[in-house]
Amino acid sequence: MTSCPLCCIAPPDLLLAIAERGDAADREAAQRTLAASAVLRAQRETARRRLREGDTTVAGVADKVGGRRTVYDAGHGTEASLPGRKVRAEGDEPVADAAVNEAYDGAGLTYRFYQDVFERDSIDGKGLELVSSVHYGTDFDNAFWNGSQMVYGDGSGRIFVKGGLTKDVDVVAHELTHGVTQMTAGLEYAKQPGALNESFSDVFGSLVKQHHLGQTAGKADWLIGAGILGSALHGKALRSMKDPGTANDLDRQAGSMRGYADLPDDDDPAHDNGGVHVNSGIPNRAFYLAAAAIGGHAWEAAGRIWYVTLTAHLEPTSDFRAAADATIAVAGDLFGASSPERQAVSGAWKEVGVL
């Protein structure tokens, strides 16, 4: 079990649903991305096994240091070609390629959020370089954190609009936050720990966007991947933290424990590693409810509570109840046992049925 064998923004069950119901072009796009993702997962597991056995020469897993952001062009290659050709380093002027500039800017916004709000120096807290590769594969409909860097496909126009995967800062920050989780709580990527892993990425992905736009909890849209869906999906975004299950016509996220999907953790993409994306809607909505009840800028109180919980109070096997108990305790530590913040957090977990 790993904290995140391959963390993709588009879940496998969604891709499978498109492959089963779409037209010929939709099916081809979904099946191509599913097949490429399966190969990637196998390659990452092999690399991780070699690393655990002491092989420090494994490509793509050693820490890269020396600068804050570097963007590479994968040249439509696959995992073996990563990171690709270096095209923009920290401090360089923008280039002609929009995807390069968007990946660079998104990494910068994420870095500054963690630095300015939580005094965290990059993903690992020690200044780790943020490495991104764009133009991965051919019309690849996904973006992912592979354990050491960000990777972006171009999109086919069917599942994601062409060029869309680098445009939304919440998508960029979501994937980079998988790195924060990997280097702190290490939440296992299955069942409830995996759903928490996904949820923390949605939480901080949304908060980076809100911080960038200066939005309050009441003004934010609480959507992940808004405006980047291709023709195979009908809706406004990939996920909604405010109203899980409503973001698009194939969104089957649960918003409370009444809809919890007890799925097996196996290799079937329909089961989504035991429902890590399906069930992440439950802690997502708990965070939204807490932030909305507290009001103001969500990163200041609710975000701090969730950040301290993730980085100091959870472990690889933590489940929803453990996260609920920890966030309530942290809210009491930070704001007081009788504070409105603690009451808001406790009420949120009760409303979604975890408590």
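Along Cα→Cβ, 7 Å out, is where each label goes; now give me the distance between the ones at Lys350 and Glu315 in nm to one decimal.
2.9
With a cut-off of 8 Å between alpha carbons and a minimum separation of six or more residues, what is the relative contact order of the chain in percent?
16
Report the calculated FRET efficiency for Asp243 and Arg21 (r = Cβ-Cβ distance, R0 = 22 Å), to the nearest 0.05.
With R0 = 22 Å, the Cβ-Cβ based efficiency is 0.45.
So what is the 222 nm mean residue ellipticity for the chain from helices alone, if each DSSP H run of at least 4 adds -39500 (n - 2.57) and you divide by all residues, rounding to the nearest 500 deg cm²/dmol?
-14500 deg cm²/dmol
Sequence-distant or interchain residues sharing an amide H contact under 5 Å with Gly245, placed H: which?
Excluding prolines and chain starts, which carry no amide H, the hits are Ser240, Gln253.
As an exercise, use a Förster radius of 35 Å and the Cβ-Cβ distance of Ser338 and Asp116 to find the FRET efficiency, rounded to the nearest 0.05.
0.75
Of Asp262, Asp154, Asp168, which is the most mobile in a GNM of the chain whose springs link Cα atoms less than 10 angstrom apart?
Highest fluctuation among the options: Asp262.
Suppose every Lys and Arg Cβ carries +1 and every Asp and Glu Cβ carries -1, with no other charges. What dipole size does the chain come out with about its Cα centre, to the nearest 20 debye?
340
Show the residues, 5+ positions off or on another chain, whose built amide H is closer than 5 Å to the amide H of Arg88.
Those qualifying (amide H under 5 Å, at least 5 residues apart or on another chain) are Val71.
Would you indicate which of [x] 29, 23, 20; [y] 33, 21, 19; [z] 36, 29, 21 is the value of semi-axes √(5λ) of the Cα gyration tensor in Å derived from the coordinates of this structure?
From the options [x] 29, 23, 20; [y] 33, 21, 19; [z] 36, 29, 21, the structure gives [x].
If amide hydrogens are placed 1.01 Å from N in the peptide plane, which non-local residues have theirs closer than 5 Å to the one on Leu229?
Val161
If you find the alpha carbon centre of segment 143-186 and of segment 65-104, how far apart are they in angstrom?
A separation of 14 Å, based on Cα centres.
Given q = 0.12, 0.14 Å⁻¹, what are the Debye log10 I(q)/I(0) values for segment 246-355, with equal point scatterers placed on the Cα positions and solvent ignored?
-0.43, -0.58
All of the numbers you see were taken from the coordinates with simple rules; none came from a lab. A quick note: this is a predicted structure, and the numbers were derived from the prediction, not measured. Every residue, glycine as well, gets a Cβ built from its backbone with ideal geometry; the counts of neighbours run over all protein chains shown.
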